[in-house]
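Structure first, commentary second.
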Amino acid sequence: HQPKEFLLAVEALTVSFDGFKAVNDLSFYVEENEIRVIIGPNGAGKTTVLDLICGKTKATSGSIQFRGQELTKLKENQIVQAGVGRKFQTPSIFDDLTVFENLEISYPRGRTVFGSLTFKRDAAVRERVEEVSEMIFLKDRLNVYAAQLSHGQKQWLEIGMLLIQNPDLLMLDEPVAGMSVSERVKTAELLNRIIKDRSVLVIEHDMKFVEDIAHKVTVLHQGQILSEGSMEHVKNDPKVIEVYLGH
Ligand code: ADP
């Protein structure tokens, strides 16, 4: 059975929409400090898998174990508390706030250890904001309004807003969509920096980016795993070639 060091263990997960199984008896395991990429044709069930993990969609059956907690029994906000962060495709940053302010408002409120000593909390928040802004290549843009940022920088800012909450699992839906080549390369660098403290689960269509980041690739098709392993393994798997090119 699965060894202890798995951060996330998805087992026999199924969700039916009016009898249609969008995710069908799916099992996969994500290790600590792993970048896992889910690929697959449109309608394969990729988004639904992330929706199930973050609690946006309720499973029909099966289990999602995260650090020993059963996520299928928790509400969306409890899943965030448990350490799961999810970035959606459309950015939810505040255009009329600065980079600093966007990060500051995302800092978890309950987590201050300084009680009512507001000035000490402010110092802790500032320190963390600066730390995160460096990870997302925006340290010299802290006073810039989010509206002025490039498309890529906005995507990084939103990743930063999740990172400031220190999630153990960060889930990203097509993070490099619409990015330039240099932004894509920097995004790969960003992900490689942040997995020292967490795992990342990514849905991605850009195969160049998948090659750059994936420790392991899970290929979904019709709600089930078609192939799984290294990028090298899955791209040479005849079943994968058939699904992508055979129609
Ligand atoms: P992918 O992200 O791989 O493109 P999705 O997870 O979005 O695929 O969708 C998988 C399948 O489930 C699709 O056929 C989609 O139409 C269906 N589906 C997803 N969510 C719902 C829902 N809330 N109600 C009904 N059908 C859904």
Just to be sure I understand the model, the point goes 7 Å from the Cα along the line to the Cβ. What's the resulting N77 to E5 distance in nm? 3.7 nm
Set of lysines with alpha-carbon distance to K216 below 24 Å, sequence-local pairs under 8 removed: K4, K46, K87, K186, K196, K208, K235, K239
Using mean Cβ contacts within 10 Å as the protection proxy, how do 193-205, 209-221 order, highest first? 209-221, 193-205
Select from L52, L74, L162 the residue farthest towards the positive end of the dipole of the chain; place +1 on Cβ of Lys and Arg, -1 on Cβ of Asp and Glu, and compute about the Cα centre. L74
At 222 nm, what value in deg cm²/dmol follows for the chain if DSSP H runs of at least 4 each add -39500 (n - 2.57) and the sum is divided by all its residues, to the nearest 500? -10000 deg cm²/dmol
Would any residue of segment 30-47 have its amide N under 15 Å from a label point 7 Å out along Cα→Cβ of F17? List them or say none. 42-47
Counting only DSSP beta bridges fully inside the chain, the antiparallel percentage to nearest 5 is 55 percent
Using alpha-carbon pairs under 8 Å, 6+ residues apart, how would you state the relative contact order of segment 127-187 in percent? 35 percent
Alpha carbons only, please: Rg and Dmax for the chain, in angstrom. 18.7, 64
What is the spin-label model distance, in nm, from V181 to Q69 if the labels are put 7 Å beyond Cα along the C-beta direction? 4.3 nm
Mind listing P(r) for segment 201-247? All alpha-carbon pairs, 10 Å bins, whole percents. 26, 62, 12
Excluding S133 itself, what net charge comes from residues whose Cβ is under 12 Å from its Cβ, given Lys and Arg +1 and Asp and Glu -1? -3
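The numbers here are math on the coordinates, done by the rules we state, and not lab data. All values reported here derive from a predicted model rather than from experimental measurement. Please note: Cβ atoms are built from the backbone with ideal geometry, for glycine as well, and neighbour counts cover all protein chains shown.
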